[in-house]
Each structure stands twice: as C-alpha cells, then as structure tokens.
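Structure, as structure tokens:
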Amino acid sequence: MTPPAAARAALRVQPKDRAFILALHAQPASFATLVRQSTRMVNLVEAQKPLLHFLIRLAGLRQHTVDVDGAGTELTFWVPKDKVPKDKSTVREITPEAAAGKTTDKAVKAPAAERPAVVLVHGFAAEGIVTWQFQAGVLAKHYDVYIPDLLYFGGSTSPSADRSPGFQAECLAAALGKLGVERCTVVGFSYGGMVAFKMAEARPDLVRSLVVSGSVVAMTDSISEATLERIGVKSSAELLLPDSVKGLKALLSIATHRNLWFPERLHRDYLQVMFTNRKERAELLEGLVVSNKDATVPVLPQKILLLWGENDNIFNIELAKTMKEQLGEKTMLQSIDKAGHLVHLERPCVYNRLLKEFLACVNAEAPIRSDKLQDRPMIREWLQYLFRKELESHLLQFGCLAVYKIDV
C-alpha cells in the first residue's frame, strides 16, 4: 500500500487506530533513520580494535599488563603466548573474558624453545600494535615479538612525574626483565627510537642490536628548532598533539610521502581514540628537548641499522647520514625511496625485507656479507616492483584486514 493510500485508509477507520496504521507504514523510514543514527555513534577506529586484536592473537601474541615497580607504574605488552614470565605475581594476561568481567583459570604452558627476541617500540601518534600492525605477524613467525605501549599510551601509566625518554627506557627494560627477556633487538620508530637509544646506552647487556627509523639520539635545541622551522609549526605539541581534523590532516601530510585520503569522520574518530592523556603527552614532548651543551653522542657497542624513509620531512635523510657518522662503524644506513616518516606503513614490504635481513645477520641465522643489506639486482627488483607498489597501496587503505602475515 502506498503512503497516500495508507492515509486514505486511516481516515476510514476509528481515530484510535489511525495513529497505529500511519506508524506501521512509517516503520521502514524510522528504522533506516535509527540505523543511520546508530552508525554515527560508532567510533570506526575503536570498532576496528577487536579485529586487530584478533589478528595479533592469531599471530601468536597475547596482551599482558606488567607491574614495573610495585608503586603503580604499569606497562601493557603484547608478548608471545608461550612465554612464561619470571614473576607471575606482577604480570597478568589481558583476555577478552577479563575485559568482559569474567575470570578464567588457564593452565600455564611450558616455555617454548628459545628464539631471538625483538621489541617493537612505537612512536608518538599511535599505540604499539597500531604502529606495528604490518610487522608483527611477519616477525612472529621467526622471532619472539614483544610490543609494548609506552607510558601514557594504550593502557600504560605511572604516578611518577618523570617524563624523560630515559625513564621510559628504564621502565621498558624493567618490564622486559619481568617478562623473562635477557637479550633482544630493539626496533624503535620516531619517539620510540629515542627511547631505544636510551635503553641501548643504559643496558648493553639487554640490547643486542638496534633498528631505528625516523628518530634521533637526542632531541637537542638546535635539532628541535631546525625541524619546527622546516615544517612550519610553532611547537612539537602543535604537530604531534593535534586537536582538530585539520591538525591531524596536516600531521599526516607531513609524515607521509604520498597524499593519502581518508574520510573526515575517520580523522575525528582517530583523534578521539589515539590522542588520550593529552596533558601527560604534552609533558613528554617537553621532556624530550635537551640543551646542545648537555647533548652527547654515546659510544654504543651494538650493531645499529638506521632504516629511513628517503623522503622523511620530519627527520630528513641528511640528519640520518650525520647520525651514522657520529655513531661509528657499527652503524649502517639503509634508505627506502618513495617513503616518508611513516616508512614502515608506506613501504611495509620493503621495510620488512630489510628488517628481516638485518635480524638474520645479527642473530647469526645467515652468513654476514658486506653486500647483505645492499639493493638487490635490478632484475629481481623489477620483477617485484609492480606487485609491491600495488600491495602497499592496498595495505594503507585496508590496514590490518590483510597484513598480519605479509611476507615479501
């Protein structure tokens, strides 16, 4: 029955029934409106988290909370499911059942055979598994992968007033100790790279080797001022703590080589989910900068790979070259073309290949050759080029939906 016919029929029935008949015929429109309103209430970034968690769990990782000092400092970690912490009283697993308020009594499995440990340390604009979603599954096939959330990211927190990278490194090293990690390679991106350098300096017994992307040993006055001037912003907080869609779009534009388009709503949802603890994070940015006179380049015993986006607009390739010379002969620099600051997200296939080759070398899984990290022959490059280019484009658009086991 058409709406006009329904209206005429309603006029021929009793008044008490007219409202019911009209409402009955209006139901489809009302339901559609309800669906649209419900969809607007869902945060798309938050809604993707269960899927990302599922894929990370499928790769063999489980989320834990580590009590670092018994005084309220806690770090959330994704760790291999078959690793038993040394001190179970300070490490608790975060399960879907626990999140729903249910309790589970699971038997503790015996520890698996030892594999080299790799710790992936995130940057400033996202928590751990969001930053490393394209690397976690690939590495987990051959290594024990640990993905922490630094303090004031994810579920990590501390009552301490110390906001320095050194304190982050101290807490991270302590948490790794409680998880039973004795030696590891640390892979640090941006802010996470600064934390990784601090941990390598303070704990050479723990850190076997380093991979750093888009970062510096220390954020000195001169580096900070030159970077902000080149980018065209007044402060680090203006760039790294956006409070508007416009600010987030500006950050994404600076951090990537290619112009990426995402719906405006996705930007709004990302702001709401990923930029929490704004006061503490602003203090972290303030704690980064050190004066030029106090800054020194440490003598690090580890092998270091600087894995850089050739078009990084935040920490450019010239800065990486200078840092390589300062760090000495054990440091290698490998750049990836057509990639910006977010090199591990823009070119994940190339990034993963170079990262795995370095890990194989330092863990003696492959013979060390002087040309091991050099570009492959042109024939192989051309055979893989189109496939990688198309694949990486899709990865950026669809995120975690297809990437947890990418291995090219």
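Taking 35 Å as R0, compute the FRET efficiency from the Cβ-Cβ separation of R57 and S222 and round it to 0.05.
0.20
Between their Cα atoms, which of K279/K324; K81/K279; K330/K356 are more than 24 Å away from each other?
Cα-Cα > 24 Å for K279/K324; K81/K279; rest within.
For L305, what residues show an amide H to amide H distance below 5 Å, using hydrogens built from the backbone and excluding near sequence neighbours?
Sorted by chain and number, the residues that satisfy this are L210, V211, V212, M332.
According to the square roots a ≥ b ≥ c of the eigenvalues of the Cα gyration tensor, what is the shape class of region 110-187, taking rounded for a/c under 1.5, prolate for a/b larger than b/c otherwise, and oblate for the remainder?
oblate
Quick one: accessible surface of D67, probe radius 1.4 Å, all protein chains present, in square angstrom to the nearest 10.
Accessible area of D67: about 40 Å².
I'd like to know which of S291, L252, L241 lies farthest towards the positive end of the charge dipole of region 225-299, counting +1 on Cβ of Lys and Arg and -1 on Cβ of Asp and Glu.
L252
For the full complex of protein chains and a 1.4 angstrom probe, list L359, L271, L58 by accessible area with the highest value first.
L58, L271, L359
Compute the normalised compactness of region 192-257: alpha-carbon radius of gyration over 2.2 N^0.38 Å, N being the residue count.
The value comes to 1.36.
Which parts of region 185-223 would a label at N277 reach, counting a residue when its backbone N lies under 14 Å from a point 7 Å out along Cα-to-Cβ?
So the set is 192.
Please work out whether region 145-222 counts as rounded, prolate or oblate from its C-alpha gyration tensor, where a ≥ b ≥ c are the square roots of the eigenvalues and a/c under 1.5 means rounded, while otherwise a/b larger than b/c means prolate and anything else oblate?
Oblate.
Can you give the charge dipole size of region 169-308 about its Cα centre, rounded to the nearest 20 debye, using +1 on the beta carbon of Lys and Arg and -1 on the beta carbon of Asp and Glu?
Once rounded to the nearest 20, the dipole reads 420 debye.
As a test of reading the structure, rank Y270, Y152 by solvent-accessible area (1.4 Å probe, protein chains only), most first.
Descending accessible area places them as Y270, Y152.
The values are calculated or read from the model by the stated rules, or taken from the named source; none is laboratory data. Given the structure is predicted, the values throughout are model-derived calculations rather than measurements. Positions of Cβ are backbone-derived with ideal geometry, glycine not excepted, and every protein chain shown enters the neighbour counts. Surface accessibility is based on the protein's heavy atoms, side chains included, excluding ligands, DNA and RNA. Shrake-Rupley method; radii C 1.70, N 1.55, O 1.52, S 1.80 Å.
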